[in-house]
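For reference, the structure is listed below as C-alpha cells.
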Amino acid sequence: MHQRKQAGHHLRNAKIRATLPAAQLMQAQVNGGKLIDDAVSTKPDALEPAFSIFSAEAKRFPLILTLDQNGIPHRWITWQHAVWYYAKQRIAWETGTEAFTVSGGKCQATGEVSSVTAASIIAIKGKAMAIRGFNQTPPLNNRELFHRDRHVCGYCAGVFSHSKLTRDHIIPYCRNGIDTWMNVVTACRPCNERKGSRLPEEAHMQLVYAPYVPNRAEFLILANRRILIDQMAFLKQHVAAHSRVHMA
C-alpha cells in the first residue's frame, strides 16, 4: 500500500526548491496548447497544455512522476505541467519525499508572494488506466534497449558505451525476423558483425541473457536518467521480478 498525502498539504521534508519569475509561473498555470496526454481522461473538457520534457527549461529540474488516481504509473511531466495540474486542482493525492516550490507574483493587497509546491510523485484526478494500458508494449528504440540490457553485449558479456553498441536482431530481418523487444538484444559492433545474417546457433554464439518486454513502469525508468531516489523506489515496486532493473 502506497502512502498517500492529500493534495494541498505541502511536503514537510522538501529537499529541492526552485524560485521562478512571476511570468513563468503564470505561463505554467494558463498556457494552453495542443493535447499531449496519452491516457484517456474521464473529463471530456480536460484540455492539457503542451510542455516538452526535452526543452532546456524542463531540464533545469528533475521530471515529476504522474500516476493515475489508483496509483498506476503514467508518465513523466515537467515542473510547468505539474504547476498547471495544481493550479487546476487536478491533484488527487501525492507521495514521495522530494518537492519543488515554484514562486510567482506578489499580491498588491497583502504583499504575499504566490507559490505552488509540487511533490515528486503526484496522482491525477480523472485518470484511470486500464491494466491492459499498463502492460501494453512500449516503443522500441536503442536508448531504452541498451538501458534494458545494462549496456552489456548479449554475446560476449562485455560492457560498452552507447556509441559502441548496436541493436541485434536474434532472427535477422533477412530471415523474416521482426523488430520487437523479444527479438532484439544489445550487441557490441564486433559481435554484431561476426553474427551477421545468421542465427546465434549458426554462428556458434550463445546469448548470455534472454530478451524481454519491459512494462510501463520499467520503461519509465529506462526513459529517464535523472530519476530521484523516491521515484525509483516507487517504480521498482511495479517492475516485474525478472527485470534487469533490479540488478542495478
### Message
Tell me yes or no: at least one residue of the stretch 173-187 is touching a helix residue (DSSP H, G or I) at 6+ places or on another chain (Cβ under 7 Å) and open to solvent by 40 Å² or more (accessible area, probe 1.4 Å).
### Response
no
### Task
Please list, ordered by first then second residue, the pairs with beta carbon atoms under 6 Å, 6 or more apart or interchain, first in the stretch 159-175 and aromatic (Phe, Trp, Tyr), second part of a strand (DSSP E or B) and crowded, with 17+ Cβ neighbours inside 10 Å.
160/188
### Summary
Restricted to the stretch 197-215 and to residues being over 15 Å from residue 147 (Cβ atoms) and touching a strand residue (DSSP E or B) at 6+ places or on another chain (Cβ under 8 Å), the residue least open to solvent (accessible area, probe 1.4 Å) is 207
### Message
Looking at 157, 123, 119, can you tell me which residue is modelled with pLDDT of 80 or more, surrounded by 20 or more Cβ atoms within 10 Å (Cβ to Cβ), out of contact with any Pro (no Cβ under 9 Å at 6 or more places or on another chain) and over 19 Å from residue 216 (Cβ atoms)?
### Response
119
### Task
For the stretch 191-248, enumerate the residues that are within 22 Å of residue 98 (Cβ to Cβ) and outside any helix (DSSP H, G or I).
224, 225, 226, 227, 228, 237, 238, 239, 248
### Query
Mind checking which residues of the stretch 75-116 are of a type in the set (Gly, Ala, Ser), at pLDDT 85 or above and open to solvent by less than 20 Å² (accessible area, probe 1.4 Å)?
82, 96, 99
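The values are calculated or read from the model by the stated rules, or taken from the named source; none is laboratory data. Just so it is clear, the model here is predicted, and its values are computed rather than measured. Positions of Cβ are generated from backbone atoms using ideal geometry, with glycine treated the same way; all protein chains shown enter the neighbour counts. In case anyone asks, the SASA skips ligands and DNA or RNA and just uses the protein heavy atoms, side chains included. Shrake-Rupley method; radii C 1.70, N 1.55, O 1.52, S 1.80 Å.
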